[in-house]
Every structure is written in structure tokens, then in C-alpha cells.
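*Asks:* Dropping the structure in here first, questions after.
The values are calculated or read from the model by the stated rules, or taken from the named source; none is laboratory data. Just so it is clear, the model here is predicted, and its values are computed rather than measured. Positions of Cβ are generated from backbone atoms using ideal geometry, with glycine treated the same way; all protein chains shown enter the neighbour counts. Note: areas computed on protein heavy atoms with side chains; ligands, DNA, RNA excluded. Shrake-Rupley method; radii C 1.70, N 1.55, O 1.52, S 1.80 Å.
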Amino acid sequence: MADSLGLERKFCRLDGPVLLTDDMEIEGYASLFGVKDTGGDVVEAGAYTSSLAALEKAGQSVKMLWQHRPEEPIGTWDEVHETEKGLYVKGRLLPDVARAREAAALLRAGAIDGLSIGYRTVRASKNSKGQRLLAELELWEVSLVTFPMLPEARVGSKGNEPVDTVLRELAEALDEARAELART
């Protein structure tokens, strides 16, 4: 989906437990390489390399927003880089921001667990299956969202509470069941 500025959005649940540290840190993968999302798009490895380099050179950073709303920044991404798996992000919700405190509560409760990227497509092609292969993207922001487009992944962050272990095990069991259903 594109907005009036031509920015598109890709939703992704991160793989990892739905947990949050006391200091409101969050981490995981905002985008997974080689995985088709519900919109039929596949992000290719290296798609963010140029954009991340340009942001670094300009002394800028990827923004952390609430539900893609530019008027609602809720934290900062301290790390954003590509790995073999996808686009890894690690950051912190800002406790002085009311919406960030709300987001932390929603994450802890499991009411939200998705991330979504806001980007502009620089270079893409279509494969024989009609899927759009996203080869180069200009990354603008990564948002905490309610409905991600990649069901295989969830928000991942670290936590110390005993309930975190239960939630992690439950999330892993649900992922395994979801993967088994997808294979049938």
C-alpha cells in the first residue's frame, strides 16, 4: 500500500518472544528476506544496503513510529542492519512518551506483536509467479503495528519476568502449529 508521499508499507511479525525488558528495549526482524508476504511481495537480501548507508552518511536514522503515524514517534532504533535472515532492528520505547508506555503495555499483554516498514521502492521486478521482487528499498521508518503482513514472524524482545517464559513457549507452540498447517 502506498501513501500520498509514495511510501509503501510492509508488515512483519518478528520471530522471537513477545516480551519487553524493564527499560523498554525491543528487538527482532522488521523484514525477512525471501519470504512472500500476504501482498505477494518478496524482499531480496541486500535490499536495504544502499538506504542504510545513505542514512548513516547523512547522520540520520530510521524512525520508530506508532502505526505508521509520523506525528507519533514512540522511541528510537539504536541498531538497524541486514543479516542473512533479514532487517534486524533493536531499539527502545521512550518512557516519557505516553504512547510508548501504552505500546509497551500492549506488547506485554500480547495485544500487538507486529512491526511494519515504511519505504519507497527504488528497484523491483516480477518473477514468473507474478510476485514482486523488491531488490532495493529506501527505508524511512519501522512502526509497531497491530496487523503485520508476514504471519511467520513476530516482535521479539528480551524480558526477565517468569511469565515471559510461558509466553515464549506458547508463541513457539503456536508458530509450530501455524507452520504445520501451512505445510498441509
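*Asks:* Evaluate the following for Lys57: is it among the basic types (Lys, Arg) and surrounded by 12 or more Cβ atoms within 10 Å (Cβ to Cβ)?
*Replies:* In short, no.
*Asks:* Considering only residues that are open to solvent by 40 Å² or more (accessible area, probe 1.4 Å) and of a type in the set (Asp, Glu), which ones fall in the range 78-122?
*Replies:* Answer for the range 78-122, where residues must be open to solvent by 40 Å² or more (accessible area, probe 1.4 Å) and of a type in the set (Asp, Glu): Asp78, Glu79, Glu82, Glu84, Asp96, Glu102.
*Asks:* Take the conditions of a type in the set (Phe, Trp, Tyr), out of contact with any helix residue (DSSP H, G or I) (no Cβ under 9 Å at 6 or more places or on another chain) and at pLDDT 95 or above and apply them to Trp77. Does it pass?
*Replies:* yes
*Asks:* When both residues are 6+ apart or on different chains and their Cβ atoms are under 6 Å apart, which pairs have a first residue that lies in the range 130-147 and is touching a residue at least 24 places away in the same chain (Cβ under 8 Å), and a second that is acidic (Asp, Glu)?
*Replies:* From residues that are touching a residue at least 24 places away in the same chain (Cβ under 8 Å), the pairs are Arg132/Asp41; Leu133/Glu44; Leu134/Asp41; Ala135/Glu44.
*Asks:* Let me ask something additional. Within the range 1-43, work out how many residues are more than 24 Å from Phe147 (Cβ to Cβ) and either at pLDDT 95 or above or of a type in the set (Ser, Thr, Tyr) (or both).
*Replies:* 1
*Asks:* Take Leu137 and decide whether it is touching a helix residue (DSSP H, G or I) at 6+ places or on another chain (Cβ under 9 Å), modelled with pLDDT of 95 or more and buried (at least 21 other Cβ atoms within 10 Å of the Cβ).
*Replies:* In short, yes.
*Asks:* Continuing with the same structure: If I ask for residues that are out of contact with any Phe, Trp or Tyr (no Cβ under 9 Å at 6 or more places or on another chain), under 17 Å from Thr121 (Cα atoms) and among the hydrophobic types (A, V, I, L, M, F, W, C), which ones from the range 46-76 would you list?
*Replies:* Across the range 46-76, the qualifying residues are Leu52, Ala53, Ala54, Leu55.
*Asks:* Is there any pair linking a residue in the range 107-120 that is farther than 12 Å from Phe147 by Cβ to one that is among the basic types (Lys, Arg) and buried (at least 23 other Cβ atoms within 10 Å of the Cβ), with Cβ under 8 Å and at least six apart or on different chains, and which?
*Replies:* From residues that are farther than 12 Å from Phe147 by Cβ, the pairs are Ile117/Lys10; Tyr119/Lys10.
*Asks:* Ala30 is checked against (1) outside any strand (DSSP E or B); (2) within 26 Å of Leu133 (Cβ to Cβ); (3) not hydroxyl-bearing (Ser, Thr, Tyr) and fails just one. What number does that condition carry?
*Replies:* (1)
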